[in-house]
Amino acid sequence: MDSAVESRERHEQAAAAWLLRQDAGPWTEQDAAAFEAWLAQSAGHRAAYYRFKGAWQEAGRLRALLGRGTAQPAAAARRRPWRRLPGLAIAASVACAVGLAALAYLLVLSPSNVYATRVGALETVSLPDGSRLTLNTDSRLHVDMDANDRRVRLRQGEAFFEVAKDPLRPFVVEAGDKRIIAVGTAFSVRRSGSDVRVVVSEGRVRVETAGRPAEVLQAPLLDAGMVASTRGDAVLVQTRSPVEIAQSLSWRTGQLVFRDTPMAEVVAEFNRYNTRKLVVEDAAVDELRVGGIFHATQLDAFVSLVQRGFPVQARAEEDRIVLTARK
């Protein structure tokens, strides 16, 4: 057997054993320290663990879908103390975990695999290859992966990608007719209709237009700290400071950060995260500049602060809050 394949299988078996140990309990401080040391030993350990963790979570969902009749025995097995399992039972349990994770892995790689968030919600997902993605509010995407390909189709909204390095399988995000291609990096993609915005916080990505040779469009390479905004075939690339990049990605913690931002843009951002909308009925209010850090879904707190800090009054209606200049 090829040494690389053997190494990967060893990593996967160890990852499955750690997951089983965490699931079975008890989990001590010594266990946690040993696990962290194992993770730190190599990128292969980390990739195997997060790959199997995603598969394990998917397997849990599968057990829940199968009904209580199958879920209860699994729960009973998990309550059995780890140290009381004889060696043969441990080996069998690890094999079962590997098999169950492999089944879930196939499910995760299904073309129908869809992740979505409602308005105001965030979700973080561990992918089978060791990558992680975080979906922003009101977003939807499809994940397709196999031995040769890693592809995400962003249907709407925004997502942040932390890509596990794999030179043989570039990580491709499709957003409309745009392809964002990476190997091992961290970046966000926001899709608004046919317009796409890419923010790179680590590594390097390339932005292409589907069906067009990269050399024809001179597809831009974006390094960390760069932002690309597309409209049609036009691509605007800008370099941003670390503070501005952090501001653009602050939504991952549920916060919105503004620095001398026009009220019209602030209102548009808040409306992405709330079903109750802000409406400005006065052009003078739109031109006000806002700075600060706000929780994306705490609309009432924001409106209260605006009324205290600006000559603005708010009128609450059933499904909206109307902002006008104070007379």
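The values are calculated or read from the model by the stated rules, or taken from the named source; none is laboratory data. The shown structure was predicted, so the numbers you read here are calculated from the model rather than taken from an experiment. Cβ coordinates were reconstructed from backbone atoms using ideal geometry, including for glycine residues, and neighbour counts include every protein chain displayed.
Counting only residues that are in a loop (DSSP other than H, G, I, E, B) and within 14 Å of Ala268 (Cβ to Cβ), how many does region 289-327 have? Full working, then the answer.
Start the filter on region 289-327 by keeping residues that are in a loop (DSSP other than H, G, I, E, B), which leaves 296-298, 310-311, 317-319, 326-327.
So of that shortlist, the ones also within 14 Å of Ala268 (Cβ to Cβ) come out as 296.
Here the count works out to 1.
Is at least one residue of region 294-313 touching a residue at least 24 places away in the same chain (Cβ under 8 Å) and loosely packed, with under 13 Cβ neighbours inside 10 Å?
No; the residues of region 294-313 include none that is touching a residue at least 24 places away in the same chain (Cβ under 8 Å) and loosely packed, with under 13 Cβ neighbours inside 10 Å.
Checking Lys165 against (1) in a strand (DSSP E or B); (2) over 14 Å from the mean Cα position of the chain (by Cα); (3) farther than 23 Å from Val235 by Cβ, which test does it fail?
The one condition Lys165 does not meet is (1).
Within region 162-181, can you find the residues that are surrounded by 24 or more Cβ atoms within 10 Å (Cβ to Cβ) and closer than 26 Å to Ala43 by Cβ?
Matches in region 162-181: Val163, Phe171, Val173, Ile180.
Residue by residue through region 278-288, note down the ones that are surrounded by fewer than 16 Cβ atoms within 10 Å (Cβ to Cβ) and either touching a Gly at 6+ places or on another chain (Cβ under 9 Å) or modelled with pLDDT of 95 or more (or both).
Within region 278-288, Val279 is the sole residue that qualifies.
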